[in-house]
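> Please find one structure pasted underneath; my questions will follow.
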């Protein structure tokens, strides 16, 4: 009898521990804190690659593109709360943010200076979707980050009207900046 109770106890303990680990891992993938600055790599659903300044260039005006996942600072972004589901986004490598630049080719997303005063920074709304991914929209226009493949194979980022397409959906992968290699 003692053996049966002991086996049941350890079996239940194992199940609870395993379930707890699954819940913890799920929350690490995508949950945003409303009050704390946290770091994430932002991954596109369609292409599977991460946001970064093109060529890891620190210059203002550099296009934001997708690049194969690496544990690099240039692919990691600090999300600083700026309101309900609204964040200021800052790159760990360049210390810059991104904003929209209207050009002949559309509304490109380019790197810009991260203003000292919060009112001078672009704000981005992160809306969690039913599938756990995010729609990331410019706070002023409501247009969403959208990945677009160029002829040369580069995938650049633009903003466009929401159409519920995979190229407009983003996964947030929480990362510890101390673990970044470059």
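> Work out how much length residue 95 to residue 70 would gain on full extension: take 0.36 nm times their residue separation and subtract the Cα-Cα distance, in nm to one decimal. Walk me through the intermediate numbers first.
Details: separation 25, 0.36 × 25 = 9.00 nm, distance 1.82 nm.
Gain on stretching residue 95 to residue 70: 7.2 nm.
> In what order do 35, 127 fall by count of nearby beta-carbon atoms within 10 Å, going from fewest to most? Mind showing how you got there, number by number?
Details: 35 6, 127 12.
Going from sparsest to densest Cβ surroundings: 35, 127.
> Related question: Residues of the stretch 61-75 with the amide nitrogen closer than 17 Å to a label point 7 Å from the Cα of residue 182, along Cα-to-Cβ, please.
Answer for this model: 65-75.
> In nm, what is the difference between 0.36 nm times the number of residues separating residue 161 and residue 148 and their Cα-Cα distance? Kindly include the intermediate steps, with their values, before the conclusion.
Working: separation 13, 0.36 × 13 = 4.68 nm, distance 1.33 nm.
So the chain would gain 3.4 nm between residue 161 and residue 148.
> Between residue 116 and residue 85, 0.36 nm times their residue separation minus their Cα-Cα distance comes to what?
On the way: separation 31, 0.36 × 31 = 11.16 nm, distance 2.09 nm.
Result: 9.1 nm gained on full extension.
> Continuing with this model, one more query. Measuring from label point to label point, each 7 Å out along Cα→Cβ, what is the residue 58 to residue 131 span in nm?
3.7
> Now for a different question. Sorting 182, 75 on the 10 Å Cβ count, fewest up front, what's the list? Walk me through the numbers on the way to the answer.
Values: 182 10, 75 28.
By the 10 Å Cβ count, ascending: 182, 75.
> Testing the spin-label approximation: label points 7 Å from Cα along Cα→Cβ at residue 102 and residue 174. State their distance in nm.
3.9
None of the figures in this text is laboratory data; all of them are computed from the coordinates on show. Being a predicted model, the structure only gives us computed values, none of them experimental. Cβ atoms come from the backbone with ideal geometry, glycine included; neighbour counts cover every protein chain shown.
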